[in-house]
Amino acid sequence: QVQLAESGGGLVQAGGSLRLSCAASGSIFSINTMGWYRQAPGRQRELVATIRSGGSTNYADSVKGRFTISIDNVKKTVYLQMNTLKPEDTAVYYCYLYGIVDHWGKGTLVTVSS
């Protein structure tokens, strides 16, 4: 059983910053990729950013230059630093881990007010 504990969501004004964290625990044999997806009301879940255990990253075009993903392999924790937030970043943000199979967190709400 793998658990993903997300934290750091909240309400912020446009132009502000938030930092999301996701700590993985449980029966984790290996981590290939960790990352973040988001789902806004009425929209499909979409990729925000992923990072492989070796450090290579992938970002959605909409967040490039504003968001930074990082990973602490020892702590099995992935972080998402979100700067210059926009109202369109408002969504539930889900932590993702791929080791042998996919695992998902329960989500943390990020609300950006204009």
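Structure above, values below:
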{"item": "Enumeration of residues in segment 91-109 that are farther than 22 Å from Leu11 by Cβ and of a type in the set (Phe, Trp, Tyr)", "result": "Tyr96, Tyr98, Trp104"}
{"item": "Residue in segment 39-61 that is farther than 27 Å from Glu88 by Cα and touching a residue at least 60 places away in the same chain (Cβ under 8 Å) present", "result": "no"}
{"item": "Selection status of Ile100, more than 13 Å from the chain's Cα centre (by Cα), more than 13 Å from Leu4 (Cβ to Cβ) and not polar (S, T, N, Q)", "result": "yes"}
{"item": "Pairs with Cβ under 6 Å, 6+ apart, first in segment 92-112 and of a type in the set (Val, Ile, Thr), second part of a strand (DSSP E or B)", "result": "Val92/Gln39; Val92/Leu109; Thr108/Glu6; Thr108/Tyr93; Val110/Tyr93; Thr111/Leu11; Val112/Val12"}
{"item": "So Ile51, is it out of contact with any helix residue (DSSP H, G or I) (no Cβ under 9 Å at 6 or more places or on another chain), open to solvent by less than 40 Å² (accessible area, probe 1.4 Å), among the hydrophobic types (A, V, I, L, M, F, W, C) and at pLDDT below 95", "result": "no"}
{"item": "Count of segment 13-31 residues which are touching a residue at least 60 places away in the same chain (Cβ under 8 Å) and either exposed (fewer than 15 other Cβ atoms within 10 Å of the Cβ) or more than 11 Å from the chain's Cα centre (by Cα) (or both)", "result": "12"}
{"item": "Test: Lys86 is farther than 19 Å from Gln1 by Cα and among the basic types (Lys, Arg)", "result": "yes"}
{"item": "Residue in segment 68-90 that is surrounded by fewer than 13 Cβ atoms within 10 Å (Cβ to Cβ), in contact (Cβ under 8 Å) with a residue 24 or more places away in the chain and under 26 Å from Leu11 (Cα atoms) present", "result": "yes"}
{"item": "Failed criterion for Met34 (all others in (1) open to solvent by less than 20 Å² (accessible area, probe 1.4 Å); (2) more than 21 Å from Gln1 (Cβ to Cβ) hold)", "result": "(2)"}
{"item": "The one condition in (1) loosely packed, with under 14 Cβ neighbours inside 10 Å; (2) part of a strand (DSSP E or B) that Ile100 fails to fulfil", "result": "(2)"}
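The values are calculated or read from the model by the stated rules, or taken from the named source; none is laboratory data. These numbers come from a predicted model, not from an experiment. Note that each Cβ is placed from the backbone with ideal geometry, even for glycine, and that neighbours are counted across all protein chains shown. Side chains are part of the model used for accessible areas, which takes the heavy atoms of the whole protein and leaves out ligands, DNA and RNA. Shrake-Rupley method; radii C 1.70, N 1.55, O 1.52, S 1.80 Å.
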